[in-house]
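Here is the structure we will look at.
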Amino acid sequence: MENIEILNEVHKGAKMGMESIDTIADKTEDVNFKKVLTSQYKEYKKIYDNSEILLAKHDGTPEDIPPMQNVMTWMGIQMNTITDTSNNKLADLMIQGINMGIIKGNEILNHEKDMPNETQKLVTDYVALQERNLDEMKKWL
């Protein structure tokens, strides 16, 4: 996997986290749960912004999430919350997405040994963020 491709994977993962949080936050009235989601959103935004900076530094272009993937994620959240918008259900949906991010990040770290240090740090930070978010979401189950 090329460095630009790795950076774009992190970029898209952070964007997906932000978009999922936007959708999930609209489904809850719980102020404390919204605070947690807002905090997580800000952390994803930092990773997203850092990935854009590194992409520009390496003459890469940020890639968007494929539109169909966006639609499928949004629809999945809508379908899974038709009858249940409890914090438990919303946290469960967040955990599913977080787990995908952890898996992808760890795959990159385990298989891409020749990435620049700054890219490795970004991927490591991304995985650490996902793991913190996972721990936080577990509290809402």
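Set against the labelled values [x] 0.99; [y] 1.04; [z] 0.93, Rg/Rh (Cα atoms, Kirkwood Rh) computed from this structure falls on [x]. Given points 7 Å out from each Cα along the Cα-Cβ axis, report the residue 56 to residue 107 separation in nanometres with one decimal. About 3.0 nm separates the two model spin labels. Taking other residues whose beta carbon is less than 12 angstrom from the beta carbon of residue 45, and scoring Lys, Arg as +1 and Asp, Glu as -1, yields -2.
In segment 55-141, with Lys and Arg counted as +1 and Asp and Glu as -1 at Cβ, which of these residues, 127, 67, 111, has the Cα nearest the positive end of the dipole, that is, farthest along it? It is 127.
Under unit Cβ charges (Lys, Arg +1; Asp, Glu -1), what dipole magnitude, rounded to 20 debye, does the chain have relative to its Cα centre?
The dipole magnitude comes to about 460 debye.
Between the amide H of residue 28 and any residue lying 5 or more places away or on another chain, no distance stays under 5 Å, with hydrogens modeled in the peptide plane.
May I ask for the distance between the Cα centers of segment 69-141 and segment 20-56, given as a whole number of Å? Spelled out, the Cα-based centre of one part sits 11 Å from the other. A Förster distance of 22 Å, applied to the separation of the beta-carbon atoms of residue 79 and residue 22, puts the FRET efficiency at 0.80.
Nearest 20 debye, what's the magnitude of the dipole of segment 25-68 about its Cα centre given +1 on Lys and Arg Cβ and -1 on Asp and Glu Cβ? Don't skip to the end; give the middle numbers.
Values: 7 positive and 9 negative charges, 50 e Å.
I would put it at about 240 debye.
I'd like the orientation of helix 31-57 relative to the chain: the angle between its Cα long axis and the longest Cα principal axis, in ° from 0 to 90, rounded to 10. For 31-57 against the chain, the angle is about 20 degrees.
Take segment 1-130 with all the other protein chains still there, run a 1.4 Å probe, and you get 55 Å² of accessible area per residue.
So what is the 222 nm mean residue ellipticity for the chain from helices alone, if each DSSP H run of at least 4 adds -39500 (n - 2.57) and you divide by all residues, rounding to the nearest 500 deg cm²/dmol?
Details: 5 runs with 111 residues, N = 141.
One gets -27500 deg cm²/dmol as the mean residue ellipticity at 222 nm.
Other residues whose C-beta falls under 11 angstrom from the C-beta of residue 14 contribute a net charge of -2, scoring Lys and Arg +1 and Asp and Glu -1. For GluC sites (Glu not before Pro), the sites in segment 23-56 that DSSP calls loop and that have at most 14 other Cβ atoms within 10 Å are 29.
Which pairs, out of 27/121; 34/104; 12/139; 35/113; 12/89; 46/113, put more than 31 Å between their alpha-carbon atoms? If you can, show how the numbers build up before the last one.
Working: 27/121 34 Å; 34/104 26 Å; 12/139 26 Å; 35/113 37 Å; 12/89 24 Å; 46/113 24 Å.
Beyond 31 Å between Cα atoms: 27/121; 35/113.
Within the set of other residues whose C-beta is less than 15 Å from the C-beta of residue 136, count the net charge using Lys and Arg as +1 and Asp and Glu as -1. Please report the intermediate quantities before stating the final value.
Working: positive: 34, 35, 42, 132, 138, 139; negative: 30, 43, 92, 131, 135.
With Lys, Arg at +1 and Asp, Glu at -1, the neighbours total +1.
To put it simply, the accessible area of segment 16-118 at a 1.4 Å probe is 53 percent carbon and sulfur. Relative to the longest principal axis of the Cα atoms of the chain, the long axis of helix 117-138 lies at roughly 10 degrees. In the chain, taking the dipole from charged Cβ atoms about the Cα centre, the farthest positive-side position among 100, 78, 14 is held by 78. Full extension of the chain between residue 69 and residue 131 gives 20.0 nm of extra length, using 0.36 nm per residue less the Cα-Cα distance.
The values are calculated or read from the model by the stated rules, or taken from the named source; none is laboratory data. This structure is a prediction, so every number in the text was calculated from the model and none was measured. Glycine also receives a Cβ, built like all others from the backbone with ideal geometry; neighbour counts cover every protein chain displayed. Calculation scope for accessible area: heavy atoms of the full protein, side chains included, ligands and nucleic acids excluded. Shrake-Rupley method; radii C 1.70, N 1.55, O 1.52, S 1.80 Å.
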